[in-house]
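Q: Okay, handing you the structure first.
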Amino acid sequence: MRLLSKLWRGFIGLFYPRTCPVCGDILLDTPSERCLCMSCRADLQRPLSPKSAHILLEDRLEGNLDFEHAVCAYYFQKDSVVQKLVHQLKYHGREDIGEMLGRDLGRVLLESGKFVDVDCIVPVPLHKKKLRKRGYNQCEAIARGISEITGWEIERDALVRKIYNESQTTMSGEQRWENSAGIFSLDLPNKIAGKNVLVVDDIITTGATMASCCAELSKAQDVRLFVASVACTC
Ligand SMILES: [Zn+2]
């Protein structure tokens, strides 16, 4: 059966070859080019080391929320490979890209050695209206990739986004903080009580959404919060 499905995929590939979502080149049928070509992967990893990205992110969040450790895999820059990938993930239905970025992030989390106590992953939730429109939560796709590498379970139901807020991309820092305050609700606190929770977002800009998320999650008893995002702006 596996051989048949492999042959079928090869046959389909003759007419509709899979292409790299960043440069458009035809992808090789190898695990290393599952959804990104080797050349774009090199560009994705080139800009700056994840180590300095950790420091930048922890500095940004420090003082605004209570967390144990924070980490991100990449820097988010205009026209960068990561920007193009996140765009495909959010607006073109490419959940597989979210899973790939999640696996990258999962490896960074394990390599840092600071997240060994994590019990579960809480993806930043979407409002149900937005979820209906997009069809999936991109942060959940990232969480699936992390879970694939780390084995941590995903907790989807504890936290909900109760207020629908407009896209924050054109807002100033101050507006983002105002727009994000009190938008989440911890509906099932027992699901995360006593646990070490990793909160996952796609991109962290000012940290306002993450701060709002963590403020709500910290209402659960004896909860410790860890933060991870695929990328943060520099
Ligand atoms: Zn490419």
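Quick note: the coordinates plus some simple rules give every number you see, no bench work behind them. Only a predicted model underlies this, so the values are computations on that prediction, with no experimental measurement involved. Positions of Cβ are backbone-derived with ideal geometry, glycine not excepted, and every protein chain shown enters the neighbour counts.
Q: Step through the residues of the range 40-45 one at a time and calculate ³J(HN,Hα) from phi using the Karplus curve (6.51 cos²θ - 1.76 cosθ + 1.60, θ = phi - 60°), rounding each to whole Hz and writing x for Gly and Pro.
A: Result, ordered by residue: 6, 5, 4, 5, 4, 8 Hz.
Q: Taking the Cα centre of the range 100-234 as origin and charging only Cβ (+1 Lys, Arg; -1 Asp, Glu), how large is the dipole, in debye to the nearest 20?
A: The calculation lands at about 460 debye.
Q: In angstroms, what radius of gyration and Dmax does the range 58-189 have, counting Cα atoms only?
A: 15.2, 40
Q: Would you grab the residues whose amide H sits under 5 Å from the one on F76? Only those 5+ places off in sequence or on another chain, please, with H modelled 1.01 Å from N.
A: So F76 has HN proximity to C232, T233, C234.
Q: With +1 assigned to the C-beta of every Lys and Arg and -1 to the C-beta of every Asp and Glu, and no other charges, what is the dipole magnitude of the chain about the Cα centre in debye, to the nearest 20?
A: Charge dipole of the chain: 880 debye, to the nearest 20.
Q: Next question, about the same structure. Using 1/(1 + (r/R0)^6) with R0 = 35 angstrom and r between the beta carbons of W8 and E153, what's the FRET efficiency to the nearest 0.05?
A: Working from the Cβ atoms, E equals 0.55.
Q: How large, in Å, is the range 74-143 by the Kirkwood hydrodynamic radius built from its alpha-carbon pairs?
A: Evaluated over the range 74-143, this radius sits at 13.2 Å.
Q: Expressed in whole Å with the largest first, what are the equivalent ellipsoid semi-axes of the chain derived from the C-alpha gyration tensor as the square root of 5 times each eigenvalue?
A: 31, 19, 18
Q: Still on this model: Hey, in the GNM for the chain with a 10 angstrom Cα cutoff, which one of N190, N179, N64 fluctuates hardest?
A: Of N190, N179, N64, the most mobile in the Gaussian network model is N190.
Q: Place a +1 charge on the Cβ of each Lys and Arg in the range 167-210 and a -1 charge on the Cβ of each Asp and Glu, then give the dipole magnitude about the Cα centre in debye, rounded to the nearest 20.
A: 200
Q: How large is the translational diffusion coefficient of the range 129-215 in µm² per second when you combine the Kirkwood radius over alpha carbon pairs with Stokes-Einstein at 4 °C and 1.567 mPa s?
A: Diffusion coefficient, whole number: 91 µm²/s.
Q: Given the options L109, S167, I204, identify the residue whose Cα lies farthest towards the positive end of the charge dipole of the chain (+1 on Cβ of Lys, Arg; -1 on Cβ of Asp, Glu).
A: S167
Q: I would also like to ask the following. Using a Gaussian network model of the chain with C-alpha springs under 10 Å, which one of Y75, Y16, Y136 is most mobile by mean-square fluctuation?
A: Comparing Y75, Y16, Y136 in a Gaussian network model of the chain, the most mobile one is Y16.
Q: When 1/r is averaged over all different Cα pairs and the result inverted, which Kirkwood radius in Å belongs to the range 112-164?
A: It works out to 12.1 Å.
Q: Oh, and also: Which aspartates and glutamates have a Cα lying under 16 Å from the Cα of K162, excluding residues fewer than 8 positions away in the same chain?
A: Result set, ordered by chain and number: E178, D187, E216.
Q: Right, another one. Name the residue from Y75, I97, A53 whose Cα lies farthest towards the positive end of the charge dipole of the chain, charges +1 on Cβ of Lys and Arg and -1 on Cβ of Asp and Glu.
A: Comparing the listed Cα positions along the dipole, I97 ranks first.
Q: Now, a different point. Nearest 5 is fine: what % of DSSP beta bridges in the chain come out antiparallel, could you say?
A: Here the antiparallel bridges make up roughly 15 percent for the chain.
Q: Hey, with R₀ at 22 Å, roughly what FRET efficiency would S172 and H87 work out to, going by the Cβ-Cβ distance, to 0.05?
A: 0.50
Q: Still on this structure, I have one more. Defining a contact as two alpha carbons under 8 Å apart and six or more residues distant in sequence, what relative contact order in percent does the chain show?
A: Contact order relative to length: 22 percent.
Q: Given a cut-off of 26 Å, name the pairs among K114/K195; K129/K191; K128/K191; K130/K195; K84/K191; K84/K133 whose C-alpha atoms lie farther apart than that in the structure shown.
A: Result: K130/K195; K84/K191 exceed 26 Å.
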